[in-house]
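A.B. asks: Quick one: the structure is below, questions incoming.
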Amino acid sequence: MIDLVNTHSVASKTNPMTVYLARLAPSSQLTMRYVLQDAADRLGFEDMNVEEIPWHQLQPDNVIALVAALREDGYAPNTSSLYVNAVRGVMNEAWRMSLISQEHLLKMRSVKGIAGTRLSQGRNLRRSLIQEMMAVCASDPRPQGLRDAAIIGILYGSGMRKSESVNLDLSQVDFSERSLRVTAKGNKQLIKYAPAWAFEKLQAWLELRRSHLKEGEVDDPFLFNRIRRGSHITRERITKHAIYYIARQRGAQVGVKIMPHDFRRSFITRVIEEHDLSIAQKLAHHSNIQTTANYDVRDDNERRRAVDRFDL
């Protein structure tokens, strides 16, 4: 626990943390709120409501101590940077609200997370494994079978993030062009493309969904619905947690532990394998090509074979 001096002053009516979270996409708000709550606990505010914490009183030494605590607990560099960036975002709002000086802000910005990188924990889902997952979905007589096949097809076939797939609306889909218009990180509108087989899975799901509508009912505006027990297709949009569950469940059925982001990793890896890094960067919509390179999760056997070709 990190002690902070002068924590008894009353927080301002509008807390900079609340303003910071409001600026984020809904898909990121829950994650960053959790990060800030954990950071606050480590800073000695475990007994306070996170909205009442006087974030503007934080000093660089406090954030340095936070980073040290994360390092001691074995947190990866990327996770440490996430914590630091969250605190930095709150301090930016505190400056905008005239709660701290620009000098104070610059000092807070100077604190960095844990240096270094970690090897990716992601998995490269080979084409044969995707085919096995599609077969598992096809053998499921419930509506979940067609829905899950469509979700996996869109995630793997376009390389989009799970948050983007959750927010997809029918109006964003062009079946003739096989394209999907998504709102990505940074509130950027992007066009994603998917192969014909993925759109066939999507069309099959939509036709099934429409067949369950009562006479006079209009179709839902979004792509993927929650399905309750008893195979009841609700009129509610699916959640990110459900995408996580689908990936884990269908992966377990083919004997592999799968995370939703593995579909995006595998999409980028396959494009790098079959085309090149620059095309993968364009399709992934990464501004930095090094980010794309970091997604390359080809296994050790492939790297070993590449080295073995260097004969004398």
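A.B. asks: Within the range 120-138, restricting attention to residues that are closer than 12 Å to Arg250 by Cβ and in contact with a helix residue (DSSP H, G or I) (Cβ under 7 Å, 6 or more places away or on another chain), which residue is surrounded by the fewest Cβ atoms within 10 Å (Cβ to Cβ)?
C.D. replies: Among those that are closer than 12 Å to Arg250 by Cβ and in contact with a helix residue (DSSP H, G or I) (Cβ under 7 Å, 6 or more places away or on another chain), it is Ala138.
A.B. asks: Would you check if there is a residue in the range 65-79 being under 20 Å from the mean Cα position of the chain (by Cα) and outside any helix (DSSP H, G or I)?
C.D. replies: Within the range 65-79, one or more residues are under 20 Å from the mean Cα position of the chain (by Cα) and outside any helix (DSSP H, G or I).
A.B. asks: Of the conditions (1) farther than 11 Å from Gly113 by Cβ; (2) out of contact with any His (no Cβ under 9 Å at 6 or more places or on another chain); (3) surrounded by fewer than 20 Cβ atoms within 10 Å (Cβ to Cβ), Tyr75 fails just one. Which one is it?
C.D. replies: The single condition Tyr75 does not satisfy is (1).
A.B. asks: I'm checking my understanding of the structure. Among residues of the range 5-21 that are modelled with pLDDT of 50 or more and surrounded by 10 or more Cβ atoms within 10 Å (Cβ to Cβ), which one is nearest to Leu43 (Cα to Cα)?
C.D. replies: Result: Met17.
A.B. asks: Given Thr269, Thr234, Thr239, Thr292, which one is over 30 Å from Ser139 (Cβ atoms) and assigned by TED's automatic domain parsing to the domain that holds Gly157? Let's see the steps before the verdict.
C.D. replies: On the way: Thr269 fails: over 30 Å from Ser139 (Cβ atoms); Thr234 fails: over 30 Å from Ser139 (Cβ atoms); Thr239 fails: over 30 Å from Ser139 (Cβ atoms).
Going through Thr269, Thr234, Thr239, Thr292 in turn, just one is over 30 Å from Ser139 (Cβ atoms) and assigned by TED's automatic domain parsing to the domain that holds Gly157: Thr292.
A.B. asks: Let me ask you something else. Residue by residue through the range 26-52, note down the ones that are loosely packed, with under 14 Cβ neighbours inside 10 Å, not in a helix (DSSP H, G or I) and not polar (S, T, N, Q).
C.D. replies: Result: Glu46, Asp47.
A.B. asks: Looking at Glu132, Glu93 in this structure, which one is under 19 Å from Met259 (Cβ atoms), in a helix (DSSP H, G or I) and in contact (Cβ under 8 Å) with a residue 60 or more places away in the chain? Step through it out loud before you land on a result.
C.D. replies: On the way: Glu93 fails: under 19 Å from Met259 (Cβ atoms).
Testing whether each residue is under 19 Å from Met259 (Cβ atoms), in a helix (DSSP H, G or I) and in contact (Cβ under 8 Å) with a residue 60 or more places away in the chain leaves just Glu132.
A.B. asks: Select the helices (runs of 4 or more DSSP H) contained entirely in the range 190-305, then report the ones holding at least 2 residues which are under 18 Å from the mean Cα position of the chain (by Cα). Explain how you work it out, then say what you get.
C.D. replies: On the way: elements: 196-211, 240-253, 261-274, 277-284, 289-294.
Those helices (runs of 4 or more DSSP H) span 240-253, 261-274, 277-284, 289-294.
The values are calculated or read from the model by the stated rules, or taken from the named source; none is laboratory data. Computed from a predicted model, the values in this text were never measured in an experiment. Glycine gets a Cβ as well: all are built from the backbone with ideal geometry, and neighbour counts include every protein chain shown.
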